[in-house]
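Report on one structure; see the data block that follows.
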Amino acid sequence: MNLKLSDQQISTLVSDVVKACSNIETLTHAAYQYLLLCNGIYAHYSQKDFIEYYRTHSLRDDILSNVNASQHVVVRKRNPNYEYYESRRVVYEQVVRILHLKNNN
């Protein structure tokens, strides 16, 4: 089973996560599902709890402060889910790049 994210899914997730970093109220369900599996993100019970927490905390800061832990760099190519983890890594890297660019402007 190939769980790899398509280019369209990657693009949408990147856009949705970046938007949620600026306004947590815009968090889509797909972005929420993606963020559930990222290290260093607030532990919670529901998307509602997640949004409530990030109304007063920085999702951007949590993403940027956990770059190394959320890169799936230890997944080996022989892992049957390698392509999925690789596509998740691509999303995270693109989000981080955009957040850094926004910070520098």
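How high is the relative contact order of segment 36-100, given as a whole-number percent (alpha carbon pairs under 8 Å, six or more residues apart)? Working shown, then result.
Values: 37 pairs, mean separation 20.3, N = 65.
Worked out over segment 36-100, it gives 31 percent.
Springs between alpha-carbon pairs under 10 angstrom, Gaussian network model over the chain: which of 79, 68, 39 fluctuates most?
79
Give, in nm to one decimal, the length gained when the segment between residue 23 and residue 66 is fully stretched (0.36 nm per residue of separation minus the Cα-Cα distance). Spell out each step's value before the answer.
Details: separation 43, 0.36 × 43 = 15.48 nm, distance 1.98 nm.
Residue separation times 0.36 nm, minus the Cα-Cα distance, leaves 13.5 nm.
Between residue 77 and residue 4, with labels modelled 7 Å along Cα→Cβ, what's the label distance in nm to one decimal, could you check?
1.3
Figure the gain on full extension for residue 93 and residue 52 (residue separation times 0.36 nm, minus the Cα-Cα span) and round it to one decimal in nm.
Working: separation 41, 0.36 × 41 = 14.76 nm, distance 2.56 nm.
That pair, residue 93 and residue 52, stretches by 12.2 nm at full extension.
Specify the residue with the greatest mean-square fluctuation among 45, 32, 82, computed from a Gaussian network of the chain linking alpha-carbon atoms under 10 Å apart.
Comparing 45, 32, 82 in the GNM, the peak value goes to 45.
Out of 78, 55, 88, any idea which swings most in a Gaussian network model of the chain, alpha carbons joined below 10 Å?
Top of the fluctuation ranking is 78.
Would you list, by chain and number, the aspartates and glutamates whose Cα falls below 13 Å from the Cα of residue 77, excluding same-chain residues fewer than 8 positions away?
86
Every number in this text was worked out from the coordinates using simple rules, so none of it is lab data. Computed from a predicted model, the values in this text were never measured in an experiment. Glycine also receives a Cβ, built like all others from the backbone with ideal geometry; neighbour counts cover every protein chain displayed.
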